[in-house]
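The values are calculated or read from the model by the stated rules, or taken from the named source; none is laboratory data. This structure is a prediction, so every number in the text was calculated from the model and none was measured. No Cβ is skipped: glycine too gets one built from the backbone with ideal geometry, and neighbour counts run over all protein chains shown.
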């Protein structure tokens with residue numbers, strides 16, 4: 001049972017790391033106009049990971065959904 005707990009914690013940490021990385025690339029695109037393709041691909045991968053998380057359990061999908069929505073808003077909202 002202890003190894004199962006380590007597996008779940010590892011999955012959550014990997015999910016959070018992917019979310020933070022996606023958010024960083026979206027911010028870099030927004031601020032410096034670099035990494036356009038990378039930020040799009042990362043948002044797509046995070047969206048797929050969100051779908052996977054919701055098929056497993058709602059608790060796995062919620063953090064990825066928050067990161068996906070935040071990164072997409074940062075990336076695609078028009079500048080003022």
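Below is a table of values for the structure above.
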read-out: Qualifying residue in segment 19-30 (condition: part of a helix (DSSP H, G or I), loosely packed, with under 13 Cβ neighbours inside 10 Å and without any contact (Cβ under 8 Å) to a residue 24 or more places away in the chain); value: no
read-out: Scope segment 14-30; condition out of contact with any helix residue (DSSP H, G or I) (no Cβ under 7 Å at 6 or more places or on another chain) and either at pLDDT 95 or above or closer than 19 Å to residue 73 by Cβ (or both); matching residues; value: 17, 20, 24, 28
read-out: Number of positions in segment 31-46 that are in a helix (DSSP H, G or I), surrounded by fewer than 17 Cβ atoms within 10 Å (Cβ to Cβ) and in contact with a helix residue (DSSP H, G or I) (Cβ under 8 Å, 6 or more places away or on another chain); value: 4
read-out: Residue ID - farthest from residue 66 (Cα to Cα), chosen from residues in segment 6-18 that are within 12 Å of the chain's Cα centre (by Cα) and touching a residue at least 24 places away in the same chain (Cβ under 8 Å); value: 12
read-out: Single match in 60, 54, 67 (criterion: at pLDDT below 90 and either part of a helix (DSSP H, G or I) or within 15 Å of the chain's Cα centre (by Cα) (or both)); value: 60
